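Undergrad: Could you have a look at this structure, given as structure tokens, before my questions?
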Amino acid sequence: MALNQWLTNARRQLDNGELDSMVLLTRLTERLNATQFNDQGLAAAARQVVLAADARKRKLAAYYRGQIAKNPALAPQVDRLQPGWRNW
């Protein structure tokens with residue numbers, strides 16, 4: 001029950017943009033992908049969180065690309081603070 005609530009809360013936070021950090025999103029998806037769930041319902045909920053996190057990564061990467069297109073001097077800062085963003 002606690003894990004289901006945690007997954008629900010994580011999904012809500014993702015949808016609200018409260019976890020908008022490439023480092024955090026990557027850790028979240030790596031941890032969930034590495035976890036084996038005995039319950040099919042929990043596995044499905046975890047997969048939905050992973051999909052939402054990946055969608056958020058794509059959205060953030062698009063935002064960073066747009067900002068860097070406007071101001072290329074931002075690229076080193078974004079690369080340092082949001083590692084891996086260019087992969088999305």
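Undergrad: Pick from the stretch 9-31 the residues that are under 12 Å from D54 (Cα atoms) and acidic (D, E): which of them is most open to solvent (accessible area, probe 1.4 Å)?
TA: E30
Undergrad: Scanning the stretch 40-88 for residues that are among the aromatic types (F, W, Y) and under 22 Å from R11 (Cα atoms), which turns out farthest from the chain's Cα centre (by Cα)?
TA: This residue is Y63.
Undergrad: While we're here: Which numbered condition trips up L3, out of (1) open to solvent by 80 Å² or more (accessible area, probe 1.4 Å); (2) modelled with pLDDT under 95; (3) not basic (K, R)?
TA: Exception for L3: condition (1).
Undergrad: Search the stretch 38-62 for residues that are closer than 11 Å to M22 by Cβ and pair each with any residue that is surrounded by 14 or more Cβ atoms within 10 Å (Cβ to Cβ) and among the hydroxyl-bearing types (S, T, Y) when their beta-carbon atoms are under 7 Å apart and the residues are at least 6 apart or on different chains.
TA: Final answer for the pair search is A53/T29.
Undergrad: For the stretch 15-31, how many residues meet the condition of being out of contact with any Leu (no Cβ under 8 Å at 6 or more places or on another chain), free of Cβ contacts under 8 Å to residues at least 60 places away in the same chain and assigned to a helix (DSSP H, G or I)?
TA: Selection size over the stretch 15-31: 7.
Undergrad: What are the residues in the stretch 32-51 that are open to solvent by less than 50 Å² (accessible area, probe 1.4 Å) and in a loop (DSSP other than H, G, I, E, B), if any?
TA: Across the stretch 32-51, the qualifying residue is only F37.
The values are calculated or read from the model by the stated rules, or taken from the named source; none is laboratory data. None of these values were measured; they are calculated from a predicted model. Counting neighbours? That spans all protein chains shown, and the Cβs are built from the backbone with ideal geometry, glycine included. Each accessible area value is taken on the protein alone, full model and side chains, heavy atoms only, with ligands, DNA and RNA left out. Shrake-Rupley method; radii C 1.70, N 1.55, O 1.52, S 1.80 Å.
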